[in-house]
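As structure tokens, the structure follows; a few thoughts come after it.
What follows is calculated from the coordinates using simple rules that are stated; it is not laboratory data. Just so we're clear, the structure is a prediction, and the values are computed from it rather than from any experiment. Reconstructed Cβ throughout: ideal geometry from the backbone, glycine too, with neighbour counts over all protein chains shown.
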Amino acid sequence: MLFWSAGSWAYWNAWLLMGVLFIPILILGIVMLIYSPSLLSKRLSAKEHDVEQRWVVALSGIMFMASFVVAGLNFRFGWTTMPSWVTWVGTAIFLLSYILYAEVVRENAYLSRTIEIQEGQTVVDTGLYGIVRHPMYSVTILMFLSIPLILGSIISFAIMVAYIPIIAIRIKNEERVLETGLMGYSGYKQRVRYKIIPYIW
């Protein structure tokens, strides 16, 4: 989508994004395959069954496609420009978010791409989970908002901001499921007040 909409293979921002996206995910995937293959399997194969969550996934997909296509068109037609330092700041934020992502994966063996209660699941309340209740979503917000900066498109950034209300819908549904089915989660909510951003949300 990026190169097709850009109309050129010379869209260097797209190459940079591919590098910082696929190289770390390959490394993380190999580590998970060695140390936690069951978690890797859950992350790769799960599908949402809840209708509301399927809509959340669909909206996220549309958001990503629109953001990528617009970024490529922005490169092709030069609608807006961003200084190169913004791209490198975005790259640093993206890589930082990958490190935090790996830490969340390390802390929570029950991570799944779907909203579900797993057999034997307990509340994780240490590390990043002792700061916010949904550190994975905190990380993905940081990660996804840095992508348009890497691609050099402020218009794509505006599109990607839509992820925040989308993820808010998902969190509302997820917390309802966890409170109902996961012992101790209500108490955890009392101890850790913030969902995504400490002292804000």
Per the helix-only model, the chain has a calculated mean residue ellipticity at 222 nm (DSSP H runs of ≥4, -39500 (n - 2.57) each, divided over all residues, rounded to the nearest 500) of -23000 deg cm²/dmol
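Any chance you could run the full-extension gain for R191 through V31? It's 0.36 nm times the residue separation minus the Cα-Cα distance, nm to one decimal.
Details: separation 160, 0.36 × 160 = 57.60 nm, distance 3.21 nm.
Additional length available on full extension: 54.4 nm.
Could you state the per residue volume, in Å³, of the convex hull enclosing the Cα atoms of the stretch 137-201?
Working: hull volume 5.3 nm³, N = 65.
Dividing the Cα hull volume of the stretch 137-201 by its residues yields 82 Å³.
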Within the chain, longest stretch free of exposed trypsin sites (Lys or Arg not before Pro) [DSSP loop, at most 11 other beta carbons within 10 Å]:
48-192
Label W201 and R106 with points 7 Å out from Cα along Cα→Cβ: what is the distance between them in nm?
2.7 nm
Which number comes out as Rg/Rh for the chain once both Rg and the Kirkwood Rh are worked out on C-alpha atoms?
0.99
The extension gain from T81 to E52, computed as 0.36 nm times the residue separation minus the Cα-Cα distance, is 6.7 nm
So if I average 1/r over every pair of distinct C-alpha atoms in the stretch 92-201 and take the inverse, what Kirkwood radius in Å does that give?
14.9 Å
From phi via Karplus (6.51, -1.76, 1.60), per-residue ³J(HN,Hα) for the stretch 185-192 in Hz, x at Gly/Pro:
6, 4, x, 4, 4, 6, 6, 10
Can you sort S38, S8, S146 so the residue with the fewest Cβ neighbours within 10 Å comes first?
S38, S8, S146
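Using the 2.2 N^0.38 Å rule of thumb for compact globular proteins, work out how the stretch 119-161 stacks up: its C-alpha Rg over that value, please.
Cα-based Rg divided by the globular estimate yields 1.62.
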Can you work out the Karplus-derived ³J(HN,Hα) for every residue in the stretch 95-100? Use 6.51 cos²θ - 1.76 cosθ + 1.60 with θ = phi - 60°, whole Hz, and x for glycine or proline.
5, 4, 5, 5, 4, 5
Relative contact order of the chain, pairs being alpha-carbon contacts under 8 Å that are 6 or more residues apart, as %:
30 percent
Taking Cα atoms only, Rg over Rh for the stretch 65-109 with Rh from the Kirkwood formula is 1.19
